[in-house]
Amino acid sequence: MGFWIYMLFVASIIPLLMVGFGAYFRKNAPKEINPYFGYRTKRSMRNQETWQYAHKHCGRLWFVIGLIMLLLSYALMVVMLLTLNRDSTTVGTYGGIICGIQCVILIASCFPTEFALKKKFDTEK
């Protein structure tokens, strides 16, 4: 049971980070374009307007996706506890799969922001 609680904590890290940074970026994009902190892509760092827009868009997206992932991760971990074998190998394997899926979703969540930036700011036809 102790390892299951640990894996529940681990499975909540990425969603909680997404919710936290999403809430922050929605309202407070970093003031200046910088190579250290923020949503940094070639398109988002083009100018101050794209920088602000990218953070607001990404922040909204991460906040919503993070909440959904957090709820789904908790639900999957509880279902796993109630229905599957509770040994540490099973819990670790399924917890790792959940974390892997979360990483894929985190990376994939950049595409809608890039498409929105392209649609709004790319005038080259």
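Here's the yes/no breakdown for (1) of a type in the set (Asp, Glu); (2) touching a strand residue (DSSP E or B) at 6+ places or on another chain (Cβ under 7 Å); (3) under 20 Å from Gln102 (Cα atoms); (4) outside any loop (DSSP other than H, G, I, E, B):
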residue: Ala23; (1), (2), (3), (4): no, no, yes, yes
residue: Gly38; (1), (2), (3), (4): no, no, yes, no
residue: Arg46; (1), (2), (3), (4): no, no, no, no
residue: Gln52; (1), (2), (3), (4): no, no, no, yes
residue: Gly59; (1), (2), (3), (4): no, no, yes, yes
residue: Ala75; (1), (2), (3), (4): no, no, yes, yes
residue: Met80; (1), (2), (3), (4): no, no, yes, yes
(message) Which condition from (1) surrounded by 15 or more Cβ atoms within 10 Å (Cβ to Cβ); (2) of a type in the set (A, V, I, L, M, F, W, C); (3) more than 21 Å from Leu81 (Cα to Cα) is the one that Met7 breaks?
(response) (3)
(message) Looking only at residues that are polar (S, T, N, Q) and not in a helix (DSSP H, G or I) in the range 82-125, which one is nearest to Trp4 (Cα to Cα)?
(response) Asn85
(request) Tell me which residues, restricted to the range 48-92, are hydroxyl-bearing (Ser, Thr, Tyr) and modelled with pLDDT of 90 or more. (result) Thr50, Tyr53, Ser73, Tyr74
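The values are calculated or read from the model by the stated rules, or taken from the named source; none is laboratory data. For clarity, every value in this text was computed on a predicted model and none was experimentally measured. In this analysis, Cβ positions are derived from the backbone assuming ideal geometry, glycine residues included, and neighbour counts consider all displayed protein chains.
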